[in-house]
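Engineer: Here you go, one structure.
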Amino acid sequence: MENFLQIKDLKHSYNSNSEVLKGIDMEVAKGEIISILGPSGCGKTTLLRIIAGLEKQSEGTVSIDNQMVADHLHYIPTEKRNVGLVVQERALFPHLTNIKNVKFGIQGSDKDKASTALDFLKLFKVEKYADNFPHEISSGEQQRVALARAMAPNPKILLMDEPFGALDKELKLELRKETKKILKDNGITSIIVSHDIDDASAMSDRVLIVKNGIIVQNGSPKEVVSINSNISLKNS
């Protein structure tokens, strides 16, 4: 398959005494869903932020859809990379209704934006809350709206940082299944950052384990889960 995201020799430091990423090489195919797992502090969220353009790496290159977005000469800002971002905190605009939250990043006429936003709210089964504000719906429903908002502008790549971490077990299982189906049906290239092996098993085509700023494993969910079945990837 064609590589959609290419990262080569990526390094990053926040100060001279702390190298967070120590040489990351990875490729993601178009339409592939991968999970990046690892304990807190291993560099996985920093990696996601660099792909999104929220951080500028110290060394190395990032290419999305055959376009160099970050190297020693180029730096394309987040708003021009066409990436979708979902975080655990959801980060919906509290002063906007749910449908206006989803409309926010969509291009086109107001009528087209409203139609697209409603279509994505329907995909995530929250269309009946279109005119509600985020604080008027549950945390699970808020996360559905956040996912709809991230996907509605048709991003080149969808980045998710602990997207199900704040949800209870039953809701997490349901939303994983729904989200994976929507991603696959729409061919959206996706990266999920987590410390939850179950998230990776349920969602991903491939899993990467990051520890101490480097990728230590790269394989199918079954392979990686088998190796790490007795290892905690939470804070360590």
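Engineer: Among (1) farther than 19 Å from L183 by Cβ; (2) assigned to a loop (DSSP other than H, G, I, E, B); (3) in contact (Cβ under 8 Å) with a residue 40 or more places away in the chain, where does N101 come up short?
Structural biologist: With (1) farther than 19 Å from L183 by Cβ; (2) assigned to a loop (DSSP other than H, G, I, E, B); (3) in contact (Cβ under 8 Å) with a residue 40 or more places away in the chain applied to N101, the lone miss is (2).
Engineer: I want to confirm something. Restricting to segment 34-49 and keeping residues that are in contact (Cβ under 8 Å) with a residue 12 or more places away in the chain and either of a type in the set (D, E, K, R) or within 22 Å of E79 (Cα to Cα) (or both), which single residue is surrounded by the fewest Cβ atoms within 10 Å (Cβ to Cβ)?
Structural biologist: Only one residue tops the list, namely T45.
Engineer: Among the residues that make up segment 90-108, is at least one of them more than 22 Å from D161 (Cα to Cα) and at pLDDT below 95? Walk me through it before giving the result.
Structural biologist: Taking segment 90-108 as the starting set, the residues that turn out to be more than 22 Å from D161 (Cα to Cα) are 95-97, 99-100, 107-108.
This time we only want the ones that are at pLDDT below 95, so: 107-108.
Scanning segment 90-108, I find at least one residue that is more than 22 Å from D161 (Cα to Cα) and at pLDDT below 95, so the answer is yes.
Engineer: Suppose we keep only residues that are among the small types (G, A, S) and modelled with pLDDT under 85 within segment 193-236. Which one would you say is surrounded by the fewest Cβ atoms within 10 Å (Cβ to Cβ)? First the steps, then the outcome.
Structural biologist: Looking only at segment 193-236, we keep the residues that are among the small types (G, A, S), and these are 194, 200-202, 204, 213, 219-220, 226, 229, 232, 236.
Filter again for modelled with pLDDT under 85, leaving 226, 229, 232, 236.
Details: S226: 10, S229: 8, S232: 10, S236: 12.
Filtering first and then ranking leaves S229.
Engineer: Any residue in segment 78-89 that's on the phi > 0 side of the Ramachandran plot and assigned by TED's automatic domain parsing to the domain that holds L147: show its pairings with residues that are part of a strand (DSSP E or B) and among the aromatic types (F, W, Y) at Cβ separation under 9 Å, as long as the two are six or more apart or on different chains.
Structural biologist: Once the first residue is on the phi > 0 side of the Ramachandran plot and assigned by TED's automatic domain parsing to the domain that holds L147 and sits in segment 78-89, no partner that is part of a strand (DSSP E or B) and among the aromatic types (F, W, Y) comes close enough.
Engineer: Can you tell me which residue within segment 179-197, out of those that are touching a Pro at 6+ places or on another chain (Cβ under 8 Å) and part of a loop (DSSP other than H, G, I, E, B), is nearest to I7 (Cα to Cα)?
Structural biologist: I188
Listed here are the residues, each with its yes/no results for (1) closer than 20 Å to F93 by Cα; (2) in contact with a helix residue (DSSP H, G or I) (Cβ under 6 Å, 6 or more places away or on another chain); (3) among the acidic types (D, E).
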residue	(1), (2), (3)
K156	no, no, no
K169	no, no, no
R176	no, yes, no
I182	no, yes, no
I191	no, no, no
D199	no, no, yes
A202	no, yes, no
K222	no, no, no
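Engineer: Give the residues of segment 29-70 that are of a type outside the set (D, E, K, R) and part of a loop (DSSP other than H, G, I, E, B), sorted by residue number.
Structural biologist: Of all residues in segment 29-70, those of a type outside the set (D, E, K, R) come to 29, 31, 33-43, 45-48, 50-54, 57-58, 60-64, 66-70.
Hits for segment 29-70 are G31, G38, P39, S40, G41, C42, G43, G53, L54, Q57, S58, N66.
Engineer: Can I ask one more? Restricting attention to segment 117-138, report how many residues are touching a helix residue (DSSP H, G or I) at 6+ places or on another chain (Cβ under 8 Å) and among the polar types (S, T, N, Q).
Structural biologist: Filtering segment 117-138 down to residues touching a helix residue (DSSP H, G or I) at 6+ places or on another chain (Cβ under 8 Å) leaves 117-118, 120-121, 123-127, 129-134, 136-137.
Keeping just the survivors that are among the polar types (S, T, N, Q) gives 132.
Count: 1.
Engineer: Filter segment 144-178 for residues that are of a type in the set (D, E, K, R) and either in the same structural domain as L123 (by TED's automatic domain parsing) or not in a helix (DSSP H, G or I) (or both); which is surrounded by the fewest Cβ atoms within 10 Å (Cβ to Cβ)?
Structural biologist: From segment 144-178, those of a type in the set (D, E, K, R) are 144, 149, 156, 161-162, 168-170, 172, 174, 176-178; that's our starting set.
Filter once more, keeping what is either in the same structural domain as L123 (by TED's automatic domain parsing) or not in a helix (DSSP H, G or I) (or both): 144, 149, 156, 161-162, 168.
Values: R144: 25, R149: 29, K156: 17, D161: 20, E162: 18, D168: 10.
Looking at the filtered set, the residue picked out is D168.
The values are calculated or read from the model by the stated rules, or taken from the named source; none is laboratory data. This one's a predicted model, so the numbers in the text were calculated from it and none came from an experiment. Note: ideal-geometry Cβ built from the backbone for every residue, glycine included; neighbour counts use all protein chains shown.
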